[in-house]
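First the structure, in the form of structure tokens, and then the observations on it.
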Amino acid sequence: MKARLAALLALVAVAACLLAPAARAGQGISVVASQRLDGRLTDLTLSTPALSSPRHVRVLVPAGYAGHPDARYPVLYLLHGALADWRSWTDAGDAERITAGLNAIVVMPEGGNGGWYTDWLNGGAGGPPEWETFHIDQLIPWIDGHYRTVADRDGRAIAGLSMGGFGAMSYAARHPDLFVWAASFSGAVDIVNNAPVAVVIAAEAPADGGKPDDQFGDRVANEIVWRAHNPWDLAGNLRGLVLRIDTGNGQPGPYDDPTRLFDPIEDQVHAMSLSLHQRLGALGIDHTWDDYGPGTHTWPYWQRDLRQALPSLTTTFAHPPAAPSPFTFTAAESDYDAYGWDVRLDRAGLAFTTLADAGPSGFRVRGAAGHASVTTGPLYKPRSPHRVTVGSAAPRRQRADAQGRLRVDLPGDGTVRIGATAKGRRTGTPSTTLKGV
């Protein structure tokens, strides 16, 4: 009787979420279908203008979710690899059993057979598929609106395998204020400094109905697009997150048949993982590096990776590290937001710029080729006066706006000093948005 009642409560809870009015879905997402597979697992079919056809997401809720209607839960976004789909982590990866004791929601979205977790360039035409738009701008707010989540950076993590390992680290580096923890399992986490992977990425585009190079463009002609998404190039943005990188070396390991041959795919992702590990080390960014030796590009190793990562994830959710302050953020887009700050650059095309040492007492802009407009986060008391000094110019008096922000215009690169004490500082880490790629 108790089991039947618990099942009924769970069904009612899921239905209440998914059968809400269409306006509640928001963010461009609408529910096409929902199938409850068991007490924890639901398979959703979602429609969005960011993608040319309805796509799928699987959601695992923790045991007891329906029975604790006032509880909120952190979320792990778990990304699949190439030539796989949203079902892979549960059907092949045993994710439901592995996460049985995890007091968190697990979201497993579709990412395309060769989508590479980016808004496709499509020869410069843009348009669908826009995987990053779907996952970051639409799905995360949708999940937060339809499930009882801890809807901020402290309650959000991301991990993935192979192509999904790239996606996890790329999303974390491009949106570090959205995630507190990120992990790559045999991930292709440096797609610029590894020549073979460019051939693989190009070859996988037709699996999603595209042409070779549709994801990021030509590797040479569109190098800045590749770098704008490459975890190695954006590694500095990962400071402040709890990070984990797991990789084998391609030699047959303990989970392989004795007749198994050397695995060149795992060998290549090992090289890319090592590259990111060394880059993080050079930047002084703490991370867990699990170079476990013999192991192939197969599910038993990714299952082990996930199991071994869960204690770190649980600890991080229980005791999340504070967001870095001041922070430094690098992007190639001409318009971007980070940690609630807004940067607008008067230029065409893509080129790396850095908002450095951004905090209540000021900031620096590096790499701007023209006018830059920077709006701080909501750090100050609304309408409070401040002494703002741009470079060597004379200080000027400026008031924060009604949200406690200051807008500062610069002719290009420069240092800005803000002399007033940040009284009435507000908390929170609004999400990062990147526009132009």
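The values are calculated or read from the model by the stated rules, or taken from the named source; none is laboratory data. If you're wondering where the values come from, they're calculated on a predicted model, not measured in any experiment. Cβ placement follows ideal geometry from the backbone for every residue including glycine, while neighbour counts extend to all protein chains displayed.
If the requirement is being within 25 Å of residue 283 (Cα to Cα), modelled with pLDDT under 95 and not assigned by TED's automatic domain parsing to the domain that holds residue 116, which of these qualifies: 356, 351, 422, 368?
Answer to the selection: 368.
Out of the residues in region 365-388 meeting the condition of being under 26 Å from the mean Cα position of the chain (by Cα) and surrounded by fewer than 19 Cβ atoms within 10 Å (Cβ to Cβ), tell me which one is farthest from residue 224 (Cα to Cα).
So, considering only residues that are under 26 Å from the mean Cα position of the chain (by Cα) and surrounded by fewer than 19 Cβ atoms within 10 Å (Cβ to Cβ), the one farthest from residue 224 (Cα to Cα) is 375.
Has region 321-331 got any residue that is assigned by TED's automatic domain parsing to the domain that holds residue 389, at pLDDT below 95 and either on the phi < 0 side of the Ramachandran plot or part of a helix (DSSP H, G or I) (or both)?
No, region 321-331 has no match at all.
So for region 14-34 (the condition being modelled with pLDDT of 95 or more and either assigned to a loop (DSSP other than H, G, I, E, B) or under 19 Å from the mean Cα position of the chain (by Cα) (or both)), does at least one residue qualify? Quick ask: steps written out before the conclusion?
Filtering region 14-34 for residues modelled with pLDDT of 95 or more gives 29-34.
Now drop any that are not either assigned to a loop (DSSP other than H, G, I, E, B) or under 19 Å from the mean Cα position of the chain (by Cα) (or both), which leaves 29.
Looking for residues that are modelled with pLDDT of 95 or more and either assigned to a loop (DSSP other than H, G, I, E, B) or under 19 Å from the mean Cα position of the chain (by Cα) (or both), one finds at least one in region 14-34, hence yes.
Being outside any loop (DSSP other than H, G, I, E, B) and among the small types (Gly, Ala, Ser) is the filter here, so list the residues in region 269-320 that pass it.
Going residue by residue through region 269-320, those that are outside any loop (DSSP other than H, G, I, E, B) are 269-282, 288-291, 299-318.
Once the filter is applied, which keeps residues that are outside any loop (DSSP other than H, G, I, E, B) and among the small types (Gly, Ala, Ser), region 269-320 yields 271, 273, 275, 281, 282, 309, 312, 318.
Just a yes or no: is a residue in region 21-28 within 27 Å of residue 228 (Cβ to Cβ) and either free of Cβ contacts under 8 Å to residues at least 12 places away in the same chain or touching a strand residue (DSSP E or B) at 6+ places or on another chain (Cβ under 6 Å) (or both)?
Scanning region 21-28, I find no residue that is within 27 Å of residue 228 (Cβ to Cβ) and either free of Cβ contacts under 8 Å to residues at least 12 places away in the same chain or touching a strand residue (DSSP E or B) at 6+ places or on another chain (Cβ under 6 Å) (or both), so the answer is no.
Have a look at 406, 434 and point out the one that is under 29 Å from residue 156 (Cα atoms), at pLDDT below 95, among the hydrophobic types (A, V, I, L, M, F, W, C) and surrounded by 14 or more Cβ atoms within 10 Å (Cβ to Cβ).
Values: 406 fails: at pLDDT below 95.
That would be 434, the only listed residue that is under 29 Å from residue 156 (Cα atoms), at pLDDT below 95, among the hydrophobic types (A, V, I, L, M, F, W, C) and surrounded by 14 or more Cβ atoms within 10 Å (Cβ to Cβ).
So, restricting to strands (runs of 3 or more DSSP E) that lie completely within region 338-403, which ones have at least 2 residues that are in contact with an Asp or Glu (Cβ under 9 Å, 6 or more places away or on another chain) and touching a residue at least 40 places away in the same chain (Cβ under 8 Å)?
Filter on region 338-403 gives 362-366, 372-375.
Going by the structure shown, is residue 101 at positive phi and at pLDDT 95 or above? Give the steps one after another, and end with the answer.
Details: at positive phi: no; at pLDDT 95 or above: yes.
No: the conditions fail for residue 101.
Does any residue of region 305-319 turn out to be within 22 Å of the chain's Cα centre (by Cα) and closer than 27 Å to residue 384 by Cβ?
Step one: filter region 305-319 for residues within 22 Å of the chain's Cα centre (by Cα), giving 305-319.
Adding the requirement that they be closer than 27 Å to residue 384 by Cβ leaves none.
No, region 305-319 has no match at all.
Taking only region 57-85 into account, find how many residues are free of Cβ contacts under 8 Å to residues at least 60 places away in the same chain and buried (at least 24 other Cβ atoms within 10 Å of the Cβ).
Result for region 57-85: 2.
Please verify whether region 117-125 includes one or more residues that are under 30 Å from residue 69 (Cβ atoms), free of Cβ contacts under 8 Å to residues at least 60 places away in the same chain and part of a loop (DSSP other than H, G, I, E, B). It would help to see each step written out before you state the result.
Residues of region 117-125 under 30 Å from residue 69 (Cβ atoms): none.
For region 117-125, residues under 30 Å from residue 69 (Cβ atoms), free of Cβ contacts under 8 Å to residues at least 60 places away in the same chain and part of a loop (DSSP other than H, G, I, E, B): absent.
With respect to residue 283, is the statement that it is within 28 Å of residue 374 (Cα to Cα), surrounded by fewer than 18 Cβ atoms within 10 Å (Cβ to Cβ) and in the same structural domain as residue 137 (by TED's automatic domain parsing) true? Talk me through it step by step, then tell me what you get.
Numbers: within 28 Å of residue 374 (Cα to Cα): yes; surrounded by fewer than 18 Cβ atoms within 10 Å (Cβ to Cβ): yes; in the same structural domain as residue 137 (by TED's automatic domain parsing): yes.
When the stated conditions are applied, residue 283 passes them.
Just to be sure I understand the filter: pairs with C-beta atoms under 9 Å, separated by 6 or more residues or on different chains, first member in region 196-213 and assigned by TED's automatic domain parsing to the domain that holds residue 131 and among the small types (Gly, Ala, Ser), second member modelled with pLDDT under 95 and not in a helix (DSSP H, G or I). Which pairs pass?
Going by the 9 Å Cβ cut-off, there are no qualifying pairs.
Say we look at region 46-56 and pick out the residues that are surrounded by 15 or more Cβ atoms within 10 Å (Cβ to Cβ) and closer than 16 Å to residue 85 by Cα; which of these is farthest from the chain's Cα centre (by Cα)? Full working, then the answer.
Pass one, region 46-56, residues surrounded by 15 or more Cβ atoms within 10 Å (Cβ to Cβ): 46-48, 50-51, 54-56.
Pick out the ones that are also closer than 16 Å to residue 85 by Cα and you get 46, 51, 54-56.
Values: 46: 20, 51: 18, 54: 22, 55: 19, 56: 18 Å.
Among those that are surrounded by 15 or more Cβ atoms within 10 Å (Cβ to Cβ) and closer than 16 Å to residue 85 by Cα, it is 54.
In region 300-317, how many residues are surrounded by fewer than 22 Cβ atoms within 10 Å (Cβ to Cβ) and either not aliphatic (A, V, I, L, M) or not assigned by TED's automatic domain parsing to the domain that holds residue 180 (or both)?
10
Identify, from the list 267, 257, the residue that is assigned by TED's automatic domain parsing to the domain that holds residue 82, crowded, with 16+ Cβ neighbours inside 10 Å and not polar (S, T, N, Q).
Values: 257 fails: crowded, with 16+ Cβ neighbours inside 10 Å.
Just one listed residue meets the conditions, 267.
Okay, residues lined up against (1) part of a loop (DSSP other than H, G, I, E, B); (2) of a type in the set (Asp, Glu):
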site	(1), (2)
138	no, no
144	no, yes
167	no, no
171	no, no
182	no, no
199	no, no
205	no, no
211	yes, no
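Quickly run through region 225-268 and pick out the residues that are in contact (Cβ under 8 Å) with a residue 24 or more places away in the chain, of a type in the set (D, E, K, R) and not in a helix (DSSP H, G or I). If you could, list the steps in order and put the result at the bottom.
In the first step, residues of region 225-268 are kept if they are in contact (Cβ under 8 Å) with a residue 24 or more places away in the chain; the result is 225-256, 260, 263, 265-266, 268.
Now drop any that are not of a type in the set (D, E, K, R), which leaves 227, 233, 239, 244, 246, 256, 260, 263, 266.
Selection gives 233, 239, 244, 246, 256, 260, 263.
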